[in-house]
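The values are calculated or read from the model by the stated rules, or taken from the named source; none is laboratory data. This structure is a prediction, so every number in the text was calculated from the model and none was measured. Here the Cβ is made from the backbone with ideal geometry for all residues, glycine too, and neighbour counts use every protein chain on show.
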Amino acid sequence: MIDGLVDILGLTARDLESAAALRLSAGAGIAPKVFGQAQREGVFAPERHVHLPATAAGWRAAFRVGLLTVVRTVEEINEAGPTAKAVLRLDDGYEVECVRIPMRYADDGSVTGWTLCLSSQVGCRMGCGFCETARMGLVRQLTAAEIVAQVVTARVALGWTTRNLVFMGMGEALDNVENLIQAIRVLNDDRGLGFGLDHITVCTSGHVEGLRRLSAQGWKRLNLSISLNASTDETRSRLMPVNRKTPLAELQAALIAYRPRRNFAFAVNYCLMPGFNDTEADAWRIAEFTRPLGRALLNLIPYNPGNLPLTRAPTEDEVVRFVGWLRTAGVAVRRRITKGRSIMAACGQLGNAELRRTGRPAPGPGLTRQALVHAVASSPEPTSIKDSPC
Ligand code: SF4
């Protein structure tokens, strides 16, 4: 809430109907129209739906639609298609990043489907050693409205319509679980954007309390992906401090307990880092970890060196060899094509360099639509960095 105004982007249609009935003396009946327009067009225009100016003024005195400011976008085009990153400014000046990733192709090679990778926090406190966001620490949680605002802003300001959403941007989504759950409710609302739960993926480094809370929602079709990244407690604790609190056996038990339906398929993300987690023995231990989960598909992600790399990127031969070991061990594996590495939009590369330096929001205005087009067209190396293989 800003200046006492409730942000409509953080509410479901039913929430807005209730809030309007409580806060307004007249005009609450237009809530469904106001909701649909806010979610789909990013517009707050109660005067279009009422006759009396005083009624519209009542709405404006109680509610707002908090779109984010587009600071800049950068784009990389490679054999995987065009991957674009947007830096979005929040009302208090902090910035988060979201990434539009091409996912499907028609026979002629054109992209037919996109995934939008969303942030859930400014920074992150999980401290993963390979992640740029980790270096910021946790600055603050995003509200449900700010999470939804990334989708709406990308749609209306940048024309990025997407079919799938994944919480794999800045932050550990389950460390902000209440706002995450509310944001998913809003995004899933048929009277607004109407994303099906099977088109939304929550990614976690292994936050088991958040996992239990998410499980309590009973969302059988929501996708879940786990950032594994190591096959022993020793290595995983080095790479991902969350493992000191929740070792692999405990994480495995939490995932088995989470499984929302019999044929549910976990996505398991594994960032291949030469010298850390790339031996044949690792492949066999991964198989031991995933077997009791039922269906699991391992996404193998070649490590993306950031500004202070832990190691180098694996060679093509190393990736192919590791995939072979995994398949021999019985692991269903899909190799992820690296997307967005040159614009620091790939896994492990999100984060805000300025924020890391100063601990404060970067100053200055955002871009107008016209200036934005220029910035995209002429963008040099980005100064902002983004993240994460959660
Ligand atoms: S990889 Fe994910 S959970 Fe780990 S520090 Fe980065 S954003 Fe946080």
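Brief remarks on what is shown
- In segment 251-279, of all residues being among the charged types (D, E, K, R) and closer than 19 Å to residue 214 by Cβ, the one that is surrounded by the most Cβ atoms within 10 Å (Cβ to Cβ) corresponds to 259.
- Matching residues in segment 1-19 - criterion: being of a type in the set (A, V, I, L, M, F, W, C) and under 17 Å from residue 66 (Cβ atoms): 1, 2, 5, 6, 8, 9, 11, 16, 19
- For segment 231-250, a tally of residues being touching a Ser or Thr at 6+ places or on another chain (Cβ under 9 Å) and loosely packed, with under 14 Cβ neighbours inside 10 Å returns 1.
- Some residue of segment 347-360 being modelled with pLDDT of 95 or more, buried (at least 17 other Cβ atoms within 10 Å of the Cβ) and part of a helix (DSSP H, G or I): no
- The combined condition, being under 22 Å from residue 79 (Cβ atoms), modelled with pLDDT under 95 and out of contact with any Gly (no Cβ under 9 Å at 6 or more places or on another chain), is not fulfilled by residue 389.
- Members of segment 221-241 that are of a type in the set (Lys, Arg) and more than 12 Å from residue 127 (Cβ to Cβ): 221, 236
- Leading residue by the ranking (farthest from the ligand (Cβ to nearest atom)) among those in segment 170-186 that are closer than 24 Å to residue 134 by Cβ and not hydrophobic (A, V, I, L, M, F, W, C): 178
- Extreme residue, farthest from residue 128 (Cα to Cα), among residues of segment 234-249 that are among the β-branched types (Val, Ile, Thr) and within 13 Å of the ligand (Cβ to nearest atom): 246
Condition check ((1) at pLDDT below 95; (2) over 20 Å from residue 207 (Cβ atoms); (3) part of a helix (DSSP H, G or I); (4) of a type in the set (Phe, Trp, Tyr)) across all residues:
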site: 230; (1), (2), (3), (4): no, no, no, no
site: 251; (1), (2), (3), (4): no, no, yes, no
site: 268; (1), (2), (3), (4): no, no, no, no
site: 278; (1), (2), (3), (4): no, yes, no, no
site: 282; (1), (2), (3), (4): no, yes, yes, no
site: 288; (1), (2), (3), (4): no, yes, yes, no
site: 306; (1), (2), (3), (4): yes, yes, no, no
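- Checklist (1) within 16 Å of the ligand (Cβ to nearest atom); (2) farther than 27 Å from residue 8 by Cβ; (3) not in a helix (DSSP H, G or I) applied to residue 211, failing item: (3)
- Residue 237 over 15 Å from the mean Cα position of the chain (by Cα), among the hydroxyl-bearing types (Ser, Thr, Tyr) and not in a helix (DSSP H, G or I): no
- Residue that is nearest to residue 168 (Cα to Cα), among those in segment 109-119 that are away from the ligand (no atom under 16 Å from the Cβ) and among the hydrophobic types (A, V, I, L, M, F, W, C): 116
- Matching residues, segment 22-44, being over 29 Å from the mean Cα position of the chain (by Cα) and within 20 Å of residue 3 (Cα to Cα): 22, 23, 24, 25
Results for (1) closer than 12 Å to residue 100 by Cβ; (2) within 15 Å of the ligand (Cβ to nearest atom); (3) surrounded by 24 or more Cβ atoms within 10 Å (Cβ to Cβ); (4) in contact (Cβ under 8 Å) with a residue 60 or more places away in the chain, shown as yes or no for each residue.
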| position | (1), (2), (3), (4) |
| --- | --- |
| 121 | no, yes, yes, no |
| 125 | no, yes, no, no |
| 129 | no, yes, no, yes |
| 136 | no, yes, yes, yes |
| 149 | no, no, yes, yes |
| 154 | yes, no, yes, yes |
| 160 | yes, no, no, yes |
